[in-house]
Amino acid sequence: MKFVISAAFQPPQHIIPIAQAADEAGYEAIASSDHAVYPEMLDTPYPYTDDGVRRYDETSQFPDPWVLAGALSSVTKRIRFTTNVYVLPMRNPFMAAKQVATAAALSNDRVTLTIGVGWSNLEFELVGQPFKRRGARADEMIEIMKKAWTGEWVTHEGEFYQFDRLKLTPPIPTEPIPIWVGGISDFALRRAARNDGWLSDLQTMEEIIACIDKVRGYRRDLGKDERFDVMASANDASGIDDYRRLGEGGVNHILTMPWAFYHGLTDDLAKKVDGTKRFAGEVIAKMS
């Protein structure tokens with residue numbers, strides 16, 4: 001089992017020392033969240049709570065995940081960088097491919113791209129991208145990005161994008177960039193099955209394992225290996241026995257804020273670093 005620190009809503013100046021502590025303590029990765037703006041009023045409800053209210057507010061911070069990965073790669077040695085999640089269809093596929101490839105180059109290929117298709121119509125409008133059919137567009141964007149990352153001359157003739165021969169100018173990734181998919185809808189699970197991994201929402205262990213079983217089934221239908229990466233955040237998992245149960249169900253990455261087990265959702269940086277180190281000694285070392 002590998003452990004990933006969620007950097008969601010954290011001030012950028014806190015993330016650097018947390019990442020350095022995690023790098024030394026044996027965590028696998030650090031995951032950053034993604035929103036461009038915070039609309040005061042929504043025209044679509046937040047889909048991951050029963051009442052439609054967001055889990056974050058206007059004070060929550062969302063540094064750009066690829067700028068952050070580049071900065072963190074310069075002060076760490078081994079920890080990987082991923083997203084929770086990167087809202088791919090809010091972007092242009094060429095710029096997204098360039099940003100992710102640059103982060104991969106700066107970090108010596110320590111990048112995993114975890115995507116979602118988003119839920120906020122207003123946010124899509126504000127950045128000039130269509131909200132409708134964003135899932136299908138994301139699928140085509142992944143196809144384009146994979147072509148671009150080869151470093152070869154490529155063309156494309158799709159439903160949303162068409163272009164003649166071009167190359168993504170360096171940097172070109174020297175290793176394949178894994179693509180994981182977040183979400184709990186059937187569309188998201190099928191998209192995860194077509195790619196390299198799946199990211200849960202904040203769910204129960206039972207719900208997570210049920211989703212994994214669905215993805216396995218979809219992979220079988222596609223003729224793919226049933227083994228795939230899973231990064232999960234279980235709201236009822238609190239210790240080694242629970243993490244082992246999740247591992248038996250197919251989870252191989254636990255997404256967590258380790259300091260919360262010792263200090264709650266504190267704003268104190270010293271407590272965040274302390275909790276990161278304590279969790280590594282009390283949980284990660286024992287599971288290893």
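The values are calculated or read from the model by the stated rules, or taken from the named source; none is laboratory data. What you are looking at is a predicted structure, and each value in this text was computed from that prediction instead of being measured. With ideal geometry, Cβ positions are generated from the backbone for all residues, glycine too; neighbour counts draw on all protein chains shown.
Could you list, ordered by first residue, the pairs with Cβ atoms under 6 Å in which the first is in segment 217-231 and without any contact (Cβ under 8 Å) to a residue 60 or more places away in the chain and the second is of a type in the set (A, V, I, L, M, F, W, C) and assigned to a loop (DSSP other than H, G, I, E, B), at least 6 apart or interchain?
Matching pairs, first to second residue: V230/V251.
Yes or no: Y27 surrounded by fewer than 16 Cβ atoms within 10 Å (Cβ to Cβ), under 20 Å from the mean Cα position of the chain (by Cα) and in contact (Cβ under 8 Å) with a residue 60 or more places away in the chain? Full working, then the answer.
Working: surrounded by fewer than 16 Cβ atoms within 10 Å (Cβ to Cβ): no; under 20 Å from the mean Cα position of the chain (by Cα): yes; in contact (Cβ under 8 Å) with a residue 60 or more places away in the chain: yes.
So Y27 does not fit the description; no.
Out of segment 150-209, which residues are within 21 Å of the chain's Cα centre (by Cα), part of a strand (DSSP E or B) and of a type in the set (V, I, T)?
Within segment 150-209, I179, V181 meet the criteria.
Could you say which residue among D34, D43 is charged (D, E, K, R), surrounded by 15 or more Cβ atoms within 10 Å (Cβ to Cβ), in a loop (DSSP other than H, G, I, E, B) and touching a helix residue (DSSP H, G or I) at 6+ places or on another chain (Cβ under 9 Å)?
Details: D43 fails: surrounded by 15 or more Cβ atoms within 10 Å (Cβ to Cβ).
After applying the criteria, what remains is D34.
Pick from E140, E159: which is among the acidic types (D, E), at pLDDT 95 or above and surrounded by fewer than 15 Cβ atoms within 10 Å (Cβ to Cβ)? Talk me through it step by step, then tell me what you get.
Values: E140 fails: surrounded by fewer than 15 Cβ atoms within 10 Å (Cβ to Cβ).
Just one listed residue meets the conditions, E159.
Output the number of residues of segment 27-49 satisfying the condition of being farther than 21 Å from T114 by Cβ and in contact with a strand residue (DSSP E or B) (Cβ under 8 Å, 6 or more places away or on another chain).
Qualifying residue count for the region: 0.
Give me the pairs: first residue in segment 73-99 and under 17 Å from F62 (Cα atoms) and among the polar types (S, T, N, Q), second residue modelled with pLDDT of 95 or more and in a helix (DSSP H, G or I), beta-carbon distance under 7 Å, and six or more apart or on different chains, which are they?
Within 7 Å, the pairs are T83/P65; Q99/W66.
Hey, could you check segment 77-112 for residues that are hydroxyl-bearing (S, T, Y) and closer than 19 Å to A8 by Cα and say which is surrounded by the fewest Cβ atoms within 10 Å (Cβ to Cβ)?
Just the residues of segment 77-112 that are hydroxyl-bearing (S, T, Y), to begin with: 82-83, 86, 102, 107, 112.
Still in the running and closer than 19 Å to A8 by Cα: 82-83, 86, 112.
Numbers: T82: 26, T83: 26, Y86: 22, T112: 24.
Top of the filtered list is Y86.
Before we move on, is D109 at pLDDT 95 or above, of a type outside the set (K, R) and at negative phi?
Values: at pLDDT 95 or above: yes; of a type outside the set (K, R): yes; at negative phi: no.
Criteria not met by D109.
It is to be established whether one or more residues within segment 216-230 are assigned to a helix (DSSP H, G or I), under 19 Å from the mean Cα position of the chain (by Cα) and buried (at least 17 other Cβ atoms within 10 Å of the Cβ). It would help to see each step written out before you state the result.
Of the residues in segment 216-230, the ones assigned to a helix (DSSP H, G or I) are 216-221.
Narrowing further to those that are under 19 Å from the mean Cα position of the chain (by Cα): none.
Within segment 216-230 (the criterion being assigned to a helix (DSSP H, G or I), under 19 Å from the mean Cα position of the chain (by Cα) and buried (at least 17 other Cβ atoms within 10 Å of the Cβ)), the answer is no, since none of the residues qualifies.
Quick check on my filter: what residues within segment 13-27 are under 14 Å from D268 (Cβ atoms) and of a type outside the set (A, V, I, L, M)?
Correct list: Q13, H14, P17.
Out of curiosity, is E152 surrounded by fewer than 23 Cβ atoms within 10 Å (Cβ to Cβ), touching a residue at least 12 places away in the same chain (Cβ under 8 Å) and among the acidic types (D, E)? Give the derivation first.
Values: surrounded by fewer than 23 Cβ atoms within 10 Å (Cβ to Cβ): yes; touching a residue at least 12 places away in the same chain (Cβ under 8 Å): yes; among the acidic types (D, E): yes.
So E152 fits the description; yes.
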